[in-house]
Structure formats: C-alpha cells, structure tokens
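These notes are about the structure you will find just below.
The values are calculated or read from the model by the stated rules, or taken from the named source; none is laboratory data. A quick note: this is a predicted structure, and the numbers were derived from the prediction, not measured. With ideal geometry, Cβ positions are generated from the backbone for all residues, glycine too; neighbour counts draw on all protein chains shown. Areas reflect the complete protein model, heavy atoms only, side chains present, ligands, DNA and RNA absent. Shrake-Rupley method; radii C 1.70, N 1.55, O 1.52, S 1.80 Å.
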Amino acid sequence: NTKSSLPSLNLLRQIMLSELTILIVPMLFALHIQAKDLDAKQFYIGGGLGYNDIGFDEAVGLQLFAGQPIPVKMGKARLLGEVGYMDSGNFDRNVGGFGTSSAKAQGIWANAVIEIPAGEKINLLARAGLDFGDDDGLMIGGGIGIPAGNQMDIRFEYVVRENIDSLQANLVIRL
C-alpha cells in the first residue's frame, strides 16, 4: 500500500519545525551577542488591517507588532526583528442547512524582515519567521514600505501562513 509507506503530513511538519529550530537557535544566539549594539531610539511599533483568506471564506482582521533594526552590515539593506500578534477576524462557513460555523485564528509571531531601498520614496520588504498561534508554522511574505514623514511608514504586504493568506495594510511608527 503506497499510502502507508509515505510519511504523514504531521511527521513532515514536525521534521520541518525541528530543522527550523536548529537554524533559528544559532541566529538568536548571534542576535543576543549583537544586542549590546541595539539602539533603543530605532524601536518601532505598528499595526493595521489584514484581508485574510482561508480558502473557503475571507475575513478582515488586525495585527499589532513591534520591531527593532538588527545591527548587521547588509549594504543599503537593513535587517529588522519583529514580533507581533494577529487576529484573523471571523471566518464563517455554511454547514448545509444546519446554520453557520465560525472560526478564527489568533496568536503571536516572530519574523526577520529585510528592508531594501528601491528608490527615494519606497522600500521593498521580505519577511520569514514562525507563527506560534492558532495558525502555527512557517510564515513568509513580501511587500513595500512607503515613508510617510520622518517617524512613520505605510506598509502593504502579502503574508502567507500555514492556513491563512493575508493582504495587509499597516502603519509603522518609529518612537
């Protein structure tokens, strides 16, 4: 039987998370060593709305996050560390004549973000990390950031999680 000889999806997910952990732990140690070079004046907070798609329904949710540039030489690009919270909003599904079933995902996440200047008034963004909430697993995305004054940026991103794809609009405020 071919089915029984293939590893289960849960086993593959556990292997992938184990391998990611092996990669992330040394990165966190390196960041800890670099922490003495962190500048609290570059700390930022942000938040916004996300149009979330789970395959059978869409919902509007929100996200809140905080971040800090990581002092690593990358030419004109910057490496940022971000942690945040996401609430997907309610996904509703018609359960054939029995009413509607509702679900949502929420939880914390941590990402490394690369910000690359693509001109005077626009930055390209790429992110990768882990979601530790209801939609746990790998989280990747990309988008653009547009400066909106000295202390603010507006970001538009597409973020993919294990089950939810999000089109996001966020405001970033540097403290």
- Just the number, please: carbon plus sulfur as a percent of the accessible area of region 113-154, 1.4 Å probe, no ligands or DNA/RNA counted. 63
- Could you rank the peptides 42-49, 74-81 by their average count of other C-beta atoms within 10 Å per residue, with the highest value first? 42-49, 74-81
- Message: Positive end of the dipole of region 54-141, charges at C-beta (+1 Lys, Arg; -1 Asp, Glu), about the Cα centre: which of M86, G97, G55 has its Cα farthest in that direction?
- Response: M86
